[in-house]
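Working notes, structure below.
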Amino acid sequence: MSTVTQEGVINLRDKACDALLAQRVEIKLQSKKVSVEDTVLNRIFVAYPTPRDDKVRAPYVPDAVVQRKQRMQTNDEPIERDENTRRLERQIELELEDEYILDLKKHYMLKNPEEKYDVIPEIWEGHNIADFVDPEIQKKLADLLAEEELREKAGEYESDLDSDDEETKEKLELARQIREKEKLLTLENQMNKSKAGRQVSRLNVRKRERSMGRLEEQMQELGVEVLNIAETLLCVDILLSTFLIVQIDTKRMKNLQGQAEKPQLGKKMRVGRSPSLSASRPPPRDELGIPDKAKRLKAEKLRAKALRHLKREARKGEADRHVYDLKPKHLFSGKRKMGKTDRR
């Protein structure tokens, strides 16, 4: 027995398994449950196949396998491949070395061996060629050719359309008119599109209907003197505006003054109905705190001088207290330099 050549290992395994199985069966038969009648022994049944006929049905073993076993039993030398054995591509590659070229078409099994190396693409115009391969393509082609020949003999493809016919001439003329009409419509649309974005010239604007000169002409036709009509209209406007100002209620003016004195909170609300009058805005807070202009300018200079050191330190604001790490530990730990020993 050897584990290298696998000789006797399988036989030993089978014998050991049979011995263990027999031991287990014997132990079960000696148990109390088996000794009792009508329990386990009555239910144990071993089926044996009965032969159907006298015909021998031996397993099929290829002749090559039988010959190989015989040679393995007789010769201890390694078995070499004969002429009928197919050589592997790996063996051919090792023999030829740099001259080897992989050829996958030499093993194609075709009716005509000369067609092995025909150039046939796998994908052509986005379609898989294998999906259109039909073994009966030649037969179908012959049927189509025969059917086409019968149609030609029957005169199915003979054209009855004659260009000299009156009806044909009318159709051709109508088609020509339709094409010309389509071209004209296309050009018209293009012209309209080009005009859509142009600016209108002042010469083409509609003439103004109401003007001072036209008013004077119409009044003169009616016999009315209009020597200083412009000055008269200006005086009328001044009188009307003065009359409206006088008519404003005094209570509304007081309300407007009170709203102006209050500090503005959020969005300013409009008070009063008169569109010409609006509440005055309050002065800025810095002007309210220091009413004197000279003192205000001096305060601005002092403020700029106080902020000068903050700008030099390049802080983001007065509350910026960030301390930058000028020597990060992950970059300087464990470094021993000349003249001293740094931390580690």
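Just so you know, all these numbers are worked out from the coordinates, no wet-lab data involved. All values derive from a computational prediction rather than experimental measurement. Glycine also receives a Cβ, built like all others from the backbone with ideal geometry; neighbour counts cover every protein chain displayed.
Brief remarks on what is shown
- For the range 17-22, 3J(HN,Hα) per residue [Karplus equation, 6.51 cos²θ - 1.76 cosθ + 1.60, θ = phi - 60°, Hz, x = Gly/Pro]: 5, 5, 5, 5, 5, 5
- Neighbour net charge for residue 177 - beta-carbon separation under 14 angstrom, K R +1, D E -1: +2
- Local electrostatic count at residue 313 - Lys and Arg +1, Asp and Glu -1, tallied over other residues with Cβ under 12 Å: +4
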